[in-house]
Amino acid sequence: FYFCKSDQAGLVSLNLPFSSILSTCMSRAGHFMYFAFGSNLLKERLQLANPSAIFCCTGRLKDYVLKFGLWEQHVDNRWHGGVATIEFCPGEEVWGVVWTLSNENLMSLDNQEGVSQGMYSPLEVTVDTDNGPVVCRTYQMNHFHTCPPSPQYKQVVCLGAEQNSLPVDYVKRLEAVQTNNYSGPSILDQIKGVMK
């Protein structure tokens, strides 16, 4: 997840299965499609602030690589380590989940991603599906520097990948990510409370 370095912008495509499920998701008025690749892979994490989120399907983002880092000169955050972002990298791929959310949760999703502070920028990416191209919203960290995630953040990402049956090889890559060994409280405590 850490090997490709490029600041170029690129075209994005997703190959998504379950075209009938996807067409049902797309037909919902007042909703938007969101591609998640980090902690928001886990339904319970995403729904903490975005209760309208409904699973649509899984997919892969071609020519991007998953990285973990911190924003600008920050040395800590509420996850106590690096968080997920994507970076253009030809030949790589990022697996994730396409969720459908109510337009009412657009602001709460932006707030979760720190858009108003400049932490992440929303991107509209073209998604290739069996039903043709679909526009999804996703987020990319601005001015990030590489930093290992906390064990708690990594656990949430891996739980989400398993929950949504991402490819076994990809899940193994996530499980192999090195952490910073942080052992204190984190957002995972909130999520565990919801999962009980």
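The values are calculated or read from the model by the stated rules, or taken from the named source; none is laboratory data. If you're wondering where the values come from, they're calculated on a predicted model, not measured in any experiment. Every residue, glycine among them, receives a Cβ derived from its backbone with ideal geometry; neighbour counts consider all protein chains shown.
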Among the residues listed as 165, 108, the single one being in a loop (DSSP other than H, G, I, E, B) and more than 20 Å from residue 87 (Cα to Cα): 165
Every residue from the range 51-85 that is in contact with a Leu (Cβ under 7 Å, 6 or more places away or on another chain) and part of a loop (DSSP other than H, G, I, E, B): 52, 53, 77, 82
Selection count, the range 168-195, where residues are over 15 Å from the mean Cα position of the chain (by Cα) and assigned to a helix (DSSP H, G or I): 14
Index of the failed condition, residue 124 passing every other in (1) touching a residue at least 24 places away in the same chain (Cβ under 8 Å); (2) surrounded by fewer than 19 Cβ atoms within 10 Å (Cβ to Cβ); (3) within 16 Å of the chain's Cα centre (by Cα): (1)
Some residue of the range 15-23 being at pLDDT 90 or above and surrounded by fewer than 22 Cβ atoms within 10 Å (Cβ to Cβ): no
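Just to be sure, is residue 149 in contact (Cβ under 8 Å) with a residue 40 or more places away in the chain and over 16 Å from the mean Cα position of the chain (by Cα)? Outline the logic, then answer.
Details: in contact (Cβ under 8 Å) with a residue 40 or more places away in the chain: yes; over 16 Å from the mean Cα position of the chain (by Cα): no.
No; evaluated as a whole, the condition is false for this residue.
Can you tell me which residues in the range 174-196 are surrounded by 15 or more Cβ atoms within 10 Å (Cβ to Cβ) and of a type outside the set (Val, Ile, Thr)? Before the answer, list the steps.
Taking the range 174-196 first, the residues surrounded by 15 or more Cβ atoms within 10 Å (Cβ to Cβ) are 174, 177, 179-180, 182, 186-188, 191.
Within the range 174-196, 174, 180, 182, 186, 188 qualify.
Filter the range 44-78 down to residues that are aromatic (Phe, Trp, Tyr) and modelled with pLDDT under 95 and give me whichever is surrounded by the most Cβ atoms within 10 Å (Cβ to Cβ). Let's see the steps before the verdict.
As a first pass, look at the range 44-78 and keep what is aromatic (Phe, Trp, Tyr): 55, 64, 68, 71.
Now drop any that are not modelled with pLDDT under 95, which leaves 55, 64, 71.
Values: 55: 15, 64: 25, 71: 20.
The selected residue is 64.
Quick grid of which residues meet (1) assigned to a strand (DSSP E or B); (2) at pLDDT 95 or above; (3) more than 16 Å from residue 38 (Cα to Cα); (4) over 12 Å from the mean Cα position of the chain (by Cα):
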| site | (1), (2), (3), (4) |
| --- | --- |
| 98 | yes, no, no, no |
| 116 | no, yes, yes, yes |
| 135 | yes, no, yes, yes |
| 139 | yes, yes, no, no |
